[in-house]
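The values are calculated or read from the model by the stated rules, or taken from the named source; none is laboratory data. Just so it is clear, the model here is predicted, and its values are computed rather than measured. No Cβ is skipped: glycine too gets one built from the backbone with ideal geometry, and neighbour counts run over all protein chains shown.
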Amino acid sequence: MRHTISVLVENEFGVLSRVSGLFSGRGFNIESLCVAETMDPKVSRMTLVTSGNDQIVEQILKQLNKLVPVLKVIDFTGVDTVDRELVLVKVNADGEGKPEVLRLVDIFRARIVDVAPRCYTIEMTGGEGKVQAFLQMLRPLGIREIVRTGKIAIARGM
Amino acid sequence: MQMTGAEIFVKALADLGVDVVFGYPGGAILHVYDALFKNMKVRHMLCRHEQGAVHMADGYARASGRTGVCLVTSGPGATNTVTGLATAYMDSIPVVVFTGQVPTLLIGNDAFQEADIVGISRPCTKHNYLVKETKDLARIVKEAFYIASTGRPGPVLVDIPKDVLTGSARYDLPKEVSLRGYHPNYEGHPRQVESAIRMLLSRERPVVYAGGGVILSNSSAELAELSRVLSLPVTTTLMGMGAFPGSDPLSLGMLGMHGTYAANMAISNSDVILAVGARFDDRVTGKVSEFAPHAKIIHIDIDPTSIQKNVPVDIPIVGDLKDVLRKMIKLVKGKKEAAAYRGKTAAWRGQIASWAKTHPLTYKPSKGKIKPQYVVEQVYKLTKGKAIIATEVGQNQMWAAQFYTYEQPRTFLSSGGLGTMGYGLPAAIGAQVAMPGRLVVDIAGDGSIQMNIQELATAVQYRIPVKVVILNNGTLGMVRQWQELFFEGKYSQTCLPRIPDFVKLAEAYGAKGFRAEKTEQVPEVLRKGFAAEGPVLIDVTVDPGELVYPMVPAGASLTEMLLV
Ligand SMILES: Cc1cc2nc3c(=O)[nH]c(=O)nc-3n(C[C@H](O)[C@H](O)[C@H](O)COP(=O)(O)OP(=O)(O)OC[C@H]3O[C@@H](n4cnc5c(N)ncnc54)[C@H](O)[C@@H]3O)c2cc1C
Ligand SMILES: Cc1ncc(C[n+]2csc(CCOP(=O)(O)OP(=O)(O)O)c2C)c(N)n1
Ligand SMILES: [Mg+2]
């Protein structure tokens with residue numbers, strides 16, 4: 001099963017490689033990973049998406065907690081969250097495809113951020129389902145490149 | 001007052017009570033050596049290889065319970081420590097390794113003798129540091145010792161660039177360590193402890209499975225008390241040898257791949273296992289799906305990652321063993337349930353005793369070739385079980401575990417997790433430095449001993465009277481054993497022609513050399529060797545055909561033992 005895990009870490013030299021090294025060294029999956037500073041500049045937040053059976057995920061959480069610069073580990077499974085991903089996508093926009101691109105941009109509330117003679121660059125944010133759907137709709141029109149940030153998540157309420 | 005980084009470093013070591021450092025100098029760390037020259041409190045021992053230096057610090061730690069310290073230069077000095085770090089990491093040994101580094105500004109430039117040792121050692125240290133400023137040095141030194149020795153112990157590496165050593169700052173060693181992300185949990189949850197006792201008392205075929213954690217937490221006395229109050233049979237892992245007195249009637253000896261028949265049968269037929277400071281290693285469980293099929297498992301460990309890692313656990317307790325065992329003793333000691341329990345489990349102990357009786361550890365004695373097991377028995381007899389035994393890796397290690405009876409913790413020093421050949425001699429030296437009054441013996445193989453033989457020079461230089469007994473079978477015996485059993489006897493690359501002449505080699509180093517080639521010579525040669533002053537190497541020619549039994553083939557279940 002897939003899990004979204006939020007890890008608060010000391011914002012210090014080498015902390016990213018400690019976390020990523022843990023995953024590669026122990027053969028854990030890592031599907032995406034986002035890192036940035038929090039309100040407290042001494043603390044960074046990593047949001048990572050991983051998968052595995054219950055026993056593996058239990059090990060992942062315990063092993064993360066064991067790292068000295070890790071302050072807090074939250075598994076968002078079963079927690080009501082808002083999650084988002086930002087995608088930049090370059091898509092063919094010539095001839096018949098062009099109006100279809102514009103229509104999709106409108107429907108998915110995306111934005112065109114760069115225009116070239118035969119292609120548009122589109123910015124889009126959304127939850128996992130929306131991102132998947134958007135990319136699926138664009139695919140027949142000819143996607144040239146996709147850049148995704150990976151998922152970030154925050155608990156609802158409070 | 002302003003001091004240089006190097007002075008701060010040495011003063012911090014002295015203030016933290018470090019009495020000895022095992023090391024090897026070089027350019028990047030020279031300023032520390034200069035500061036050490038003027039310091040009277042911290043003794044430095046010059047090893048002959050940085051790997052040896054880490055194993056010495058490790059042996060020092062295992063024998064004494066204090067943190068071992070190692071000091072080396074950048075680049076090759078640092079990379080040479082990696083095997084030592086990995087060895088200590090796998091066995092949870094508190095060691096702090098300080099490495100010199102090129103100046104901060106040159107880091108990343110492929111500078112002379114630069115190696116990214118923080119990157120290289122990350123997966124084989126509990127934690128590591130690159131010191132960036134002189135003002136942080138004292139604090140980091142303090143934190144390194146704190147992390148190495150608390151919670152589940154382990155090695156910590158501190159990388160110190162040259163400019164941090166030459167720069168200056170005020171000496172400010174913090175009184176307390178505060179690390180937001182590091183809080184080992186020492187207190188076992190009282191309700192979990194109660195449930196554990198309830199579960200234990202509700203069953204009839206208990207076994208205690210005791211590991212290195214008993215020794216690391218200094219709770220042998222508590223373990224002995226609990227097991228006596230409830231008459232619990234105890235088996236130990238290789239790392240747990242000495243955690244429970246081997247001669248105690250409740251002791252089953254070692255379990256696992258080369259464990260005793262009684263221990264493996266007891267675990268496999270038990271209905272409840274109390275796992276204390278042991279981590280269900282694959283050398284212990286055999287085929288996991290068939291491990292202890294009838295047993296409920298209670299697992300006490302200070303490291304949550306050890307629990308539920310390899311086998312599902314019924315009652316997990318995270319905490320320091322000393323605390324948890326004390327709580328358990330309190331719940332049962334002097335209670336009538338304890339007496340009733342001893343009665344209820346008597347039949348089970350009878351069953352175990354009969355397994356032990358029908359299949360004791362044994363070998364076929366012979367008049368011709370010297371049996372390695374016999375040599376270990378003679379070492380035991382001669383030392384009355386009072387020596388500190390270090391081992392190399394292979395058959396020698398297994399026979400040292402099986403045929404010497406360990407009564408006390410910290411008397412059996414062996415690389416269990418990594419299985420590092422070449423560990424024994426430097427570890428024995430480190431142990432002897434920590435315990436000057438004790439007899440320290442390295443039970444060695446002819447292959448392993450050559451991996452750190454250069455440390456004989458260290459032993460001679462500092463008059464460290466370790467005794468090495470080589471069980472010389474002319475082969476990489478343990479590998480050959482697998483080839484004999486599982487590769488149709490094709491002995492690919494496992495023959496060691498008798499090179500070098502170990503007696504002459506010992507003499508070349510200025511140590512004393514002895515040799516035994518016939519069974520009847522063994523007691524006398526050992527006696528002479530142990531009585532001789534200074535470091536001694538005793539080369540015993542043993543039967544190359546001898547195999548370690550019992551043996552559970554890799555991947556088989558524990559009950560599928562090959563026996564003598
Ligand atoms: C050739 C060879 C053959 C081997 N054959 C065998 C064999 O037949 N049988 C065998 O047993 N081993 C064997 N080994 C060793 C094996 O590989 C493992 O090293 C060993 O089984 C691990 O021992 P352990 O479970 O006691 O764990 P250790 O590595 O000693 O781990 C200690 C555990 O205690 C915990 N702990 C630490 N401090 C505390 C505390 N204060 N409170 C609570 N818990 C704490 C730690 O978190 C850890 O989980 C062999 C090794 C070699 C090289
Ligand atoms: C550094 C290292 N290399 C290789 C091995 C694999 N290995 C395990 S036991 C062994 C043979 C050891 O030979 P020896 O020291 O003579 O001991 P014996 O088994 O003959 O008693 C080898 C090569 C190892 N454990 N460590
Ligand atoms: Mg050999």
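Condition first: aliphatic (A, V, I, L, M) and closer than 18 Å to residue B:255 by Cα. Can you find one or more residues in the stretch B:443-456 that meet it?
no
Take the residues of the stretch B:163-193 that are under 26 Å from residue B:295 (Cα atoms) and either surrounded by fewer than 14 Cβ atoms within 10 Å (Cβ to Cβ) or free of Cβ contacts under 8 Å to residues at least 60 places away in the same chain (or both): which is nearest to the other protein chains (Cβ to nearest Cβ)?
Step by step, filter the stretch B:163-193, then rank; the result is B:187.
Could you list, in sequence order, all residues of the stretch A:45-74 that are more than 12 Å from chain B (Cβ to nearest Cβ) and crowded, with 17+ Cβ neighbours inside 10 Å?
A:45, A:46, A:47, A:48, A:49, A:50, A:74
Restricting the stretch B:410-433 to residues that are among the β-branched types (Val, Ile, Thr) and away from ligand 3 (no atom under 16 Å from the Cβ), which is surrounded by the most Cβ atoms within 10 Å (Cβ to Cβ)?
To start, the set of residues in the stretch B:410-433 that are among the β-branched types (Val, Ile, Thr) comprises B:411, B:420, B:429, B:433.
Okay, now just the ones that are also away from ligand 3 (no atom under 16 Å from the Cβ), so B:411, B:429, B:433.
Values: B:411: 23, B:429: 31, B:433: 26.
Checked the stretch B:410-433; the qualifying residue surrounded by the most Cβ atoms within 10 Å (Cβ to Cβ) is B:429.
Identify the residue in the stretch A:24-49 that is outside any loop (DSSP other than H, G, I, E, B) and more than 17 Å from the chain's Cα centre (by Cα) and, among all such residues, is modelled with the highest pLDDT.
A:43
Condition test on residue B:349, is it more than 14 Å from every other protein chain (Cβ to nearest Cβ) and more than 16 Å from ligand 1 (Cβ to nearest atom)?
Here the answer is yes, as residue B:349 does meet what is asked.
When you scan the stretch A:58-117 for strands (runs of 3 or more DSSP E) that lie fully inside it, which ones turn up with 2 or more residues that are over 30 Å from residue B:122 (Cβ atoms), of a type in the set (D, E, K, R) and touching a residue at least 40 places away in the same chain (Cβ under 8 Å)?
A:81-92
Taking the condition of being more than 9 Å from ligand 2 (Cβ to nearest atom) and among the hydrophobic types (A, V, I, L, M, F, W, C), how many residues in the stretch B:444-459 meet it?
Number satisfying all stated conditions: 4.
In the stretch B:455-508, what count of residues is obtained for those that are more than 16 Å from ligand 1 (Cβ to nearest atom), surrounded by fewer than 23 Cβ atoms within 10 Å (Cβ to Cβ) and β-branched (Val, Ile, Thr)?
Total meeting the criteria: 4.
Could you list all residues from the stretch B:456-502 that are aromatic (Phe, Trp, Tyr), part of a loop (DSSP other than H, G, I, E, B) and more than 16 Å from ligand 3 (Cβ to nearest atom)?
Across the stretch B:456-502, the qualifying residues are B:462, B:487.
So, in the stretch B:112-156, how many residues would count as being more than 12 Å from chain A (Cβ to nearest Cβ), within 17 Å of residue B:57 (Cα to Cα) and among the hydrophobic types (A, V, I, L, M, F, W, C)?
Here the count works out to 2.
Determine if the stretch B:400-408 includes at least one residue that is away from ligand 2 (no atom under 16 Å from the Cβ), out of contact with any helix residue (DSSP H, G or I) (no Cβ under 8 Å at 6 or more places or on another chain) and in a loop (DSSP other than H, G, I, E, B).
yes
Restricting attention to the stretch B:323-347, which residues are crowded, with 19+ Cβ neighbours inside 10 Å and within 26 Å of the chain's Cα centre (by Cα)?
Result: B:323, B:324, B:325.
Just give me the residues in the stretch B:460-479 being out of contact with any helix residue (DSSP H, G or I) (no Cβ under 8 Å at 6 or more places or on another chain), within 8 Å of ligand 2 (Cβ to nearest atom) and closer than 25 Å to residue B:526 by Cβ, in sequence order.
B:475, B:476
Quick check on residue B:410: is it charged (D, E, K, R) and within 16 Å of ligand 1 (Cβ to nearest atom)?
Answer is yes for this residue.
Within the stretch B:415-445, how many residues are away from ligand 1 (no atom under 16 Å from the Cβ), in contact (Cβ under 8 Å) with a residue 40 or more places away in the chain and assigned to a loop (DSSP other than H, G, I, E, B)?
Going through the stretch B:415-445 one residue at a time, the tally reaches 3.
Which members of the stretch B:505-564 meet the condition of being in contact with a strand residue (DSSP E or B) (Cβ under 6 Å, 6 or more places away or on another chain), more than 29 Å from residue B:489 (Cα to Cα) and touching a residue at least 60 places away in the same chain (Cβ under 8 Å)?
Hits for the stretch B:505-564 are B:522, B:529, B:530, B:536, B:537, B:538.
Consider residue B:449 against the criteria (1) part of a strand (DSSP E or B); (2) within 16 Å of ligand 1 (Cβ to nearest atom): it satisfies all of them except one. Which criterion is unmet?
(1)
Out of B:62, B:48, B:43, B:66, which single residue is buried (at least 24 other Cβ atoms within 10 Å of the Cβ) and of a type in the set (Lys, Arg)?
B:62
I'd like to know if the stretch B:84-105 contains one or more residues that are away from every other protein chain (no Cβ under 14 Å), polar (S, T, N, Q) and surrounded by fewer than 24 Cβ atoms within 10 Å (Cβ to Cβ).
No - not one qualifying residue is present in the stretch B:84-105.
What number of residues in the stretch B:311-335 are in contact with a Phe, Trp or Tyr (Cβ under 7 Å, 6 or more places away or on another chain), within 14 Å of residue B:278 (Cα to Cα) and either away from chain A (no Cβ under 14 Å) or at pLDDT below 95 (or both)?
Residues flagged as in contact with a Phe, Trp or Tyr (Cβ under 7 Å, 6 or more places away or on another chain), within 14 Å of residue B:278 (Cα to Cα) and either away from chain A (no Cβ under 14 Å) or at pLDDT below 95 (or both) within the stretch B:311-335 amount to 2.
Kindly indicate the residue of the stretch B:383-392 that is surrounded by fewer than 24 Cβ atoms within 10 Å (Cβ to Cβ) and assigned to a loop (DSSP other than H, G, I, E, B) and also farthest from ligand 1 (Cβ to nearest atom) among those meeting that condition. Write out each step before concluding.
Residues of the stretch B:383-392 surrounded by fewer than 24 Cβ atoms within 10 Å (Cβ to Cβ): B:383-387.
Filter again for assigned to a loop (DSSP other than H, G, I, E, B), leaving B:384-387.
On the way: B:384: 25, B:385: 20, B:386: 23, B:387: 21 Å.
Here the answer is B:384.
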